[in-house]
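Asks: Here it is, the structure, as structure tokens.
The values are calculated or read from the model by the stated rules, or taken from the named source; none is laboratory data. The structure displayed is predicted, hence computed values, not measured ones. Glycine also receives a Cβ, built like all others from the backbone with ideal geometry; neighbour counts cover every protein chain displayed. In case anyone asks, the SASA skips ligands and DNA or RNA and just uses the protein heavy atoms, side chains included. Shrake-Rupley method; radii C 1.70, N 1.55, O 1.52, S 1.80 Å.
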Amino acid sequence: MRGRGHEKRFDLRTAGSSRDETWRRVRSAGVELLFEHGYEAMNTRQLAEAAELKSGSLYYYFRSKEEFLYRLLIDLLEEIVADLEQGLGGIDPDDVESRLETFVRILVKWHIARHKETFIASIETRALSRARHESYVELRDRFDSTLHEILRDGTLLNRFDIVDLTITRNSMLSMITALSSWYDPQGPLGLEEITADFVRLARRMVGLPTPT
């Protein structure tokens with residue numbers, strides 16, 4: 001956000017809208033441009049046009065294309081973490097099977113319902129500065145740690161049969177996050193079918209029987 005001296009110069013609001021609504025419009029336009037053209041090819045002028053704003057108005061929210069990408073990625077991660085915390089919050093800590101299945105279901109849903117954003121996150125983080133990349137990774141590690149805790153607890157309770165916790169965690173996360181690179185909204189498999197398959201795969205990876 002710009003300093004006080006610029007606050008009156010740029011007004012992102014249109015009749016009947018709020019700052020948050022305008023940011024959602026900018027973010028939505030940016031997702032489409034990044035997904036279609038990639039970070040290097042996209043510019044802020046295109047973003048302003050797609051969001052139906054003047055180019056200068058964008059500086060009310062960010063100072064550069066990289067700052068826009070960073071905010072977009074942080075927004076995405078914060079929403080995923082909040083969804084995971086809410087979904088897992090009401091489950092008995094000892095019910096490691098339900099915790100694992102819930103974790104997988106939530107992440108699979110994100111990588112299908114928001115596949116464009118998760119695809120962008122999978123390839124464009126390299127464009128972030130070192131400091132912003134470290135900040136992004138720190139937040140991303142929160143849901144990595146969540147899965148690590150589930151697998152650790154399942155092992156300690158003798159409910160999971162895991163050869164190596166770190167390898168299993170990384171393999172499971174890689175399996176899910178790769179969804180954004182191959183999922184086709186027009187393909188034969190929908191959310192329910194893919195989720196059920198991923199839950200079965202996750203159960204097999206920790207030595208649990210799979211439902212028939």
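Asks: Of all the helices (runs of 4 or more DSSP H) wholly in the range 49-149, which have at least 1 residues that are modelled with pLDDT of 95 or more, of a type outside the set (V, I, T) and more than 27 Å from E21 (Cα to Cα)? Before the answer, list the steps.
Replies: Working: elements: 65-89, 96-113, 115-124.
Fully inside the range 49-149 and qualifying: 65-89, 96-113.
Asks: Which residue is farthest from the chain's Cα centre (by Cα), if the candidates are limited to the range 149-159 and must be open to solvent by 60 Å² or more (accessible area, probe 1.4 Å) and without any contact (Cβ under 8 Å) to a residue 24 or more places away in the chain?
Replies: If we take residues in the range 149-159 being open to solvent by 60 Å² or more (accessible area, probe 1.4 Å) and without any contact (Cβ under 8 Å) to a residue 24 or more places away in the chain, then N158 is farthest from the chain's Cα centre (by Cα).
Asks: If I filter the range 165-175 down to residues being open to solvent by 30 Å² or more (accessible area, probe 1.4 Å) and within 15 Å of the chain's Cα centre (by Cα), which single residue comes out as farthest from K109 (Cα to Cα)?
Replies: S174
Asks: So, one more: Please state which one of R200, R140, R204 is open to solvent by 50 Å² or more (accessible area, probe 1.4 Å), within 23 Å of A82 (Cβ to Cβ) and out of contact with any Lys or Arg (no Cβ under 8 Å at 6 or more places or on another chain).
Replies: The conditions single out R140.
Asks: Residue under question is I162, and the condition is that it be β-branched (V, I, T), in a loop (DSSP other than H, G, I, E, B) and crowded, with 16+ Cβ neighbours inside 10 Å; does it hold?
Replies: yes
Asks: I'd like the residue in the range 106-134 that is open to solvent by 20 Å² or more (accessible area, probe 1.4 Å) and charged (D, E, K, R) and, out of all such residues, is farthest from L73 (Cα to Cα).
Replies: K109
Asks: What's the number of the only condition in (1) in contact with a helix residue (DSSP H, G or I) (Cβ under 6 Å, 6 or more places away or on another chain); (2) under 30 Å from D144 (Cα atoms) that A48 fails to meet?
Replies: (2)
Asks: Now a separate question. Which pairs turn up if I take residues in the range 190-212 that are more than 15 Å from I150 (Cβ to Cβ) and look for partners that are aromatic (F, W, Y) with beta carbon separation below 9 Å, at least 6 apart in sequence or on another chain?
Replies: I194/Y183
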